[in-house]
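Nothing in this text is a laboratory measurement; each read-out follows from the coordinates by a stated rule. Nothing here was measured: the structure is a model prediction, and the numbers come from that model. Don't worry about glycine lacking a Cβ; one is built from the backbone with ideal geometry, like all the others, and counts go over all protein chains shown.
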């Protein structure tokens, strides 16, 4: 009798397990994450940290393999692949994604950010401000889920001539990302702005196809741009903004708890990545100077940036171009970003 009861109990347990296990079974997502920078540069460092954090927090339900720049296509290819869902996640920048999402071009406007305590201000704006949240719908309309934003530091111009005034840049063939606001801004300063893919810049500088270009500090080292230029100048006009994104359709297809893990992981990396990048840029300047003692690293003075700032915000200039391109809500988004920056400085 005891054996019969035991058999019945065991049978009941097995039956319950068969009912419960399929419900609790964990789905594993094997994703690709593409970066617009080479191995070792901040956007790819972020991608690796993000992938590790997501896998740990999801208990292996999401596994992400990181592909640095050049492994799966050029800069425009990277954004398109994420938009189409052929690659699930992208560590992309404000310049190229702005060509897909008009609202994102607000991040390309010049002389927005303070020159002092920049990293702390950027962190506060990106982590707790309202402007980044406001951009989310614009990204979704274009096929992306925006995870957040952070900065890897000030952009710096490399050139064959010293830069102190707008007269110094007049007519220089200058490479910028394919973003209409960036093109309008640098043309407004007097440059002859043009777009080239990231991988073509070195050869173009070396052969004189272009005279100057602008990148975050670490890119000048990792891509060797300093080797074929004589000056690296911080005009204090532009921060390099990183905007991690997921394919909207991919994001919408996963459970809500995993969606939240993606968002929270990006948010938790904003401060450490911003701080690491700003500190690392100082070391990179020293490395470049050691590798090429003849190069000049220059930080423009407050007086020198005045005419450039006036050009960036002049009537019928880049700001008006942004308002026209971004359409409804553009002014509100800009006002909100400016308010976020002002609040973060207090």
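What the table shows:
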{"quantity": "Among beta bridges that DSSP assigns inside the chain, antiparallel share in %, nearest 5", "calculated": "50"}
{"quantity": "Contact order normalised by residue count of the range 28-338, Cα under 8 Å, 6+ apart, percent", "calculated": "25"}
{"quantity": "Computed log₁₀ I(q)/I(0) - Debye formula, equal Cα scatterers, no solvent, the range 203-346, q 0.10, 0.12, 0.22 Å⁻¹", "calculated": "-0.57, -0.81, -1.35"}
{"quantity": "160, 195 arranged by Cβ crowding within 10 Å, fewest neighbours leading", "calculated": "160, 195"}
{"quantity": "24 Å tail of the calculated P(r), the chain, as % of Cα pairs", "calculated": "58"}
{"quantity": "Whole-number D in µm² s⁻¹ for the range 195-255, Kirkwood Cα-pair radius fed into Stokes-Einstein, 25 °C, 0.890 mPa s", "calculated": "174"}
{"quantity": "Between 0 and 90°, nearest 10: helix 131-141 axis offset from the chain longest Cα axis", "calculated": "70"}
{"quantity": "Tail fraction, Cα-Cα pairs, the range 85-125, threshold 15 Å, whole percent", "calculated": "58"}
